Amino acid sequence: MNGRGFAVACANIALAKYWGKCDEALNLPAVPSVSVTLDALVTETEVVVDPALAADLFTLGGVAQDGGAVRKVSEFLDLLHGGAPRECARVTSHNRFPSSSGLASSASGFAALAAASARAYGLDRTTAELSALARRGSASAARSLYGGFVELPAGTPGDGSLAARPLHDADWWDVRVVIAMVTKAPKDIASRDGMRRTTRTSPYWDAWLACAPGYARTVREGVARRDLEAVGAAMEASTCAMHASAWAAVPAVRYIRGVTLDALDRVEALRREGTGAWATMDAGPHVKVLCAAADAARVAEAMRSAPGVVDVRVAKPGPGIVET
Ligand code: ADP
Ligand code: DP6
């Protein structure tokens with residue numbers, strides 16, 4: 001056993017969204033998704049196996065975690081061991097961006113934890129195996145094992161082997177994602193709870209299931225052709241359909257705020273003025289804008305001046321997992 005593992009993972013943004021599961025126990029997505037890994041949203045995680053510990057310890061951003069947060073990490077380490085007995089570990093992680101706010105900390109968080117813990121326990125795992133493991137923590141995390149453009153197919157109920165597939169490396173396409181943050185606070189409804197409520201109560205759940213695979217296909221094909229307009233349009237349609245299905249849940253699952261709509265107006269104005277810019281939102285109020293590298297400064301400036309925007313980061317397609 002190595003005793004210590006350290007990994008750095010980037011979060012990713014879904015160009016075509018995953019929303020909802022076909023198997024909750026195995027955390028299998030009901031629809032395919034396509035993402036780009038982002039170099040500007042990074043998690044660093046260290047795992048140290050310590051036989052002297054009576055229980056796992058988890059520190060996030062310098063704060064000792066308790067209750068559910070530690071339990072999630074412990075359950076993940078149990079999964080890594082397939083339920084076999086194991087020694088306890090000290091897990092120390094830093095998200096270099098706001099956590100639990102709709103910027104995909106669960107994606108980079110579980111990707112980094114998968115790689116660092118496998119290394120610490122001396123378990124030899126392929127990237128695909130780590131991706132399938134990370135998926136159990138958070139399905140979007142399966143995609144963060146890989147750099148560049150990545151696909152996570154829909155799951156098949158009962159098949160726990162599902163992993164993400166790399167489509168193109170980070171240098172395939174020189175696009176930018178301008179991240180307009182409208183708050184640094186955690187969201188009210190975790191993605192998992194929002195999905196469950198959508199699946200169980202939204203009259204638009206079936207409509208989402210019917211349209212999502214088409215958006216994923218259009219995005220995948222558009223990325224292969226480096227066709228920004230096709231990818232941008234399908235990306236906007238995917239996020240709007242996802243949020244509409246969630247909004248129609250009972251009670252409503254609503255991540256979009258007034259400031260989100262103001263930022264979306266800015267993106268539309270940019271397009272009217274001739275700048276190729278398209279927006280997407282995840283399970284949170286922030287707006288992420290896809291554009292060409294040459295337009296990133298103009299788009300960032302426009303988003304910075306939108307009402308309610310508290311921070312702007314410009315991300316490039318980023319690398320896959322890095323372990324030491
Ligand atoms: P986000 O939009 O940031 O992904 P979610 O509500 O989907 O928010 O996920 C947040 C959850 O992800 C946290 O409750 C925690 O379980 C997990 N998480 C976030 N960061 C880390 C990390 N660095 N290491 C392990 N788990 C993490
Ligand atoms: C809207 O992967 O955080 O960001 O699997 O329940 O942990 P769990 O959900 P999570 O959901 C991400 C949802 C999304 C779209 C996406 O990233 O594809």
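The values are calculated or read from the model by the stated rules, or taken from the named source; none is laboratory data. As the structure is a prediction and not an experimental result, all values here were calculated from the model. Counting neighbours? That spans all protein chains shown, and the Cβs are built from the backbone with ideal geometry, glycine included. The accessibility values were calculated without ligands, DNA or RNA, using every heavy atom of the protein model including side chains. Shrake-Rupley method; radii C 1.70, N 1.55, O 1.52, S 1.80 Å.
Some notes on this structure:
- Test: residue in segment 22-44 that is open to solvent by 10 Å² or more (accessible area, probe 1.4 Å) and without any contact (Cβ under 8 Å) to a residue 40 or more places away in the chain: yes
- Within segment 82-96, the set of residues being part of a loop (DSSP other than H, G, I, E, B) and either closer than 18 Å to Val8 by Cα or of a type in the set (D, E, K, R) (or both) comprises Arg86, Glu87, Arg96.
- Unmet criterion (only one of (1) surrounded by 22 or more Cβ atoms within 10 Å (Cβ to Cβ); (2) within 30 Å of Asp311 (Cα to Cα); (3) more than 16 Å from ligand 1 (Cβ to nearest atom)) for Trp172: (1)
- Search result, residues across segment 98-112 that are within 14 Å of ligand 2 (Cβ to nearest atom) and open to solvent by 10 Å² or more (accessible area, probe 1.4 Å): Ser99, Ser100, Ala104, Ser105, Ser106, Gly109, Phe110
- Answer from Leu26, Leu57 - the residue that is modelled with pLDDT of 95 or more, closer than 16 Å to Leu77 by Cα and more than 15 Å from ligand 1 (Cβ to nearest atom): Leu26
- Scanning segment 168-192 for residues that are over 30 Å from Thr275 (Cα atoms) and free of Cβ contacts under 8 Å to residues at least 60 places away in the same chain yields a count of 2.
- Residue satisfying all of: in segment 235-255; of a type in the set (Val, Ile, Thr) and crowded, with 18+ Cβ neighbours inside 10 Å; farthest from the chain's Cα centre (by Cα) among these: Val253
- Yes/no for Ala112 being within 10 Å of ligand 1 (Cβ to nearest atom), aliphatic (A, V, I, L, M) and at positive phi: no
- Failed item in (1) over 16 Å from Gly3 (Cα atoms); (2) open to solvent by 10 Å² or more (accessible area, probe 1.4 Å); (3) assigned to a loop (DSSP other than H, G, I, E, B); (4) not small (Gly, Ala, Ser), with Thr59 passing the rest: (3)
- Any hit, segment 81-91, residues being within 16 Å of ligand 2 (Cβ to nearest atom) and either basic (Lys, Arg) or touching a Gly at 6+ places or on another chain (Cβ under 8 Å) (or both): no
- Residue tally, condition touching a residue at least 12 places away in the same chain (Cβ under 8 Å) and either outside any helix (DSSP H, G or I) or within 16 Å of ligand 2 (Cβ to nearest atom) (or both), over segment 113-143: 19
- Qualifying residue in segment 74-81 (condition: within 19 Å of the chain's Cα centre (by Cα), buried (at least 18 other Cβ atoms within 10 Å of the Cβ), more than 9 Å from ligand 1 (Cβ to nearest atom) and aliphatic (A, V, I, L, M)): no
- Residues of segment 193-211 satisfying the condition of being in contact (Cβ under 8 Å) with a residue 60 or more places away in the chain and touching a helix residue (DSSP H, G or I) at 6+ places or on another chain (Cβ under 7 Å): Gly194, Thr198, Thr199, Trp205, Trp208
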